[in-house]
Amino acid sequence: MQVKAKEVLVNLPAVHLFTQEGEDAVLAGGFNTFLHGKVRLKYESLGMLGGQYVSIFYLQRNNEFTELREQFMDLILQEEMANHG
């Protein structure tokens, strides 16, 4: 039986942490298998934070994306400086 969703609600942009490198690509690919049209879930790997890989997921780059990305990049930079300082 095939189910066609008329509407899927998501809260994007979103930042997720992963234990292994490459899991972000798998997650984005999974979502993109059921998205129709030209819309695709995009992602960017930001780095490591607390021993986990950080990635941001979005549909398009906008002010929300930029603010959230910068917040996590600052956290990652602070942790790197603390670890190397």
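Which condition number in (1) surrounded by fewer than 16 Cβ atoms within 10 Å (Cβ to Cβ); (2) in contact with a helix residue (DSSP H, G or I) (Cβ under 6 Å, 6 or more places away or on another chain) is the one that residue 16 fails?
(2)
What's the total number of residues in the stretch 26-75 that are assigned to a helix (DSSP H, G or I) and either crowded, with 16+ Cβ neighbours inside 10 Å or not β-branched (Val, Ile, Thr) (or both)?
The total comes to 18.
Please enumerate the residues belonging to the stretch 7-37 that are at pLDDT 90 or above and of a type in the set (Gly, Ala, Ser).
Result: 14, 22, 25, 28, 29, 30.
Any residue in the stretch 40-50 that is free of Cβ contacts under 8 Å to residues at least 60 places away in the same chain and out of contact with any helix residue (DSSP H, G or I) (no Cβ under 8 Å at 6 or more places or on another chain)?
no
Would you mention how many residues in the stretch 33-64 are of a type outside the set (A, V, I, L, M) and touching an Asp or Glu at 6+ places or on another chain (Cβ under 9 Å)?
9
The values are calculated or read from the model by the stated rules, or taken from the named source; none is laboratory data. As the structure is a prediction and not an experimental result, all values here were calculated from the model. With ideal geometry, Cβ positions are generated from the backbone for all residues, glycine too; neighbour counts draw on all protein chains shown.
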